[in-house]
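Scroll down for the structure; my scribbles are underneath it.
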Amino acid sequence: MADNSGSPDLLFAQTFSKDEKLTSKKAISLLFKEGKSFFKYPYKLIYSVTPAESQLPKVLISIPKKNFKKAVDRNKLKRQTREIYRKNKFLFGQEEEKFIPNHLGFIYVGKEKEDFSVLERSIIKLLKMFISKSKK
C-alpha cells in the first residue's frame, strides 16, 4: 500500500485516516512542551511547526476526564470533534502558501457539553485564526 500522506489531494479529501492521528508519546509531550496555542471556547488549539514530515498535520483530540466523568460523554465529544475537523481541514489547502503545521492538538476546555453548531464554529474559527497568524 502506497503512502499518500504527501498528496495535496488529501487536504481536500474528507477523511480522517490513521496516518493523521497523533499517537507518538514523544511527539505529544513535545507538542505540549513547545507548542503554541490559541483559545476559542470551548477548545484550545495547540500546534507545533517543525521540519515537514508529511503534507497533513497529525491531530490529537483530548477531552479531559476531570470535566467529563462518563466515557460516553467524552467519546461523543471526541467523535464530534473528529467529524468537524474532517469536514473542515480543507481550510489549510485554500491558502496560496499552504502553511500546514506538523502537529495539532484540540483540547476541550469547556466544563459542559455544547451543541454541535457551537463546537463547529469554534473549530472553524481556530483553524482560520491559525491560518491568518501563519501568514504573518
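All of the numbers you see were taken from the coordinates with simple rules; none came from a lab. Source: prediction; values computed, not measured. Cβ: placed from backbone, ideal geometry, glycine included. Neighbour counts: every protein chain shown.
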Could you check the spin-label model distance between residue 86 and residue 118? Points 7 Å from the Cα along Cα→Cβ, value in nm.
2.4
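Viscosity 1.306 mPa s, temperature 10 °C: what is the translational diffusion coefficient of the range 18-135 from Stokes-Einstein with a Kirkwood Rh over Cα pairs, rounded to a whole number of µm²/s?
Working: Rh = 14.6 Å.
Answer from the Stokes-Einstein relation: 109 µm²/s.
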Show me the ranking of peptides 38-47, 113-122 by mean Cβ neighbours inside 10 Å, starting with the highest.
38-47, 113-122
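Just rank 60, 31, fewest to most, by other beta-carbon atoms within 10 angstrom.
On the way: 60 19, 31 23.
The fewest-first ordering by Cβ neighbours comes to 60, 31.
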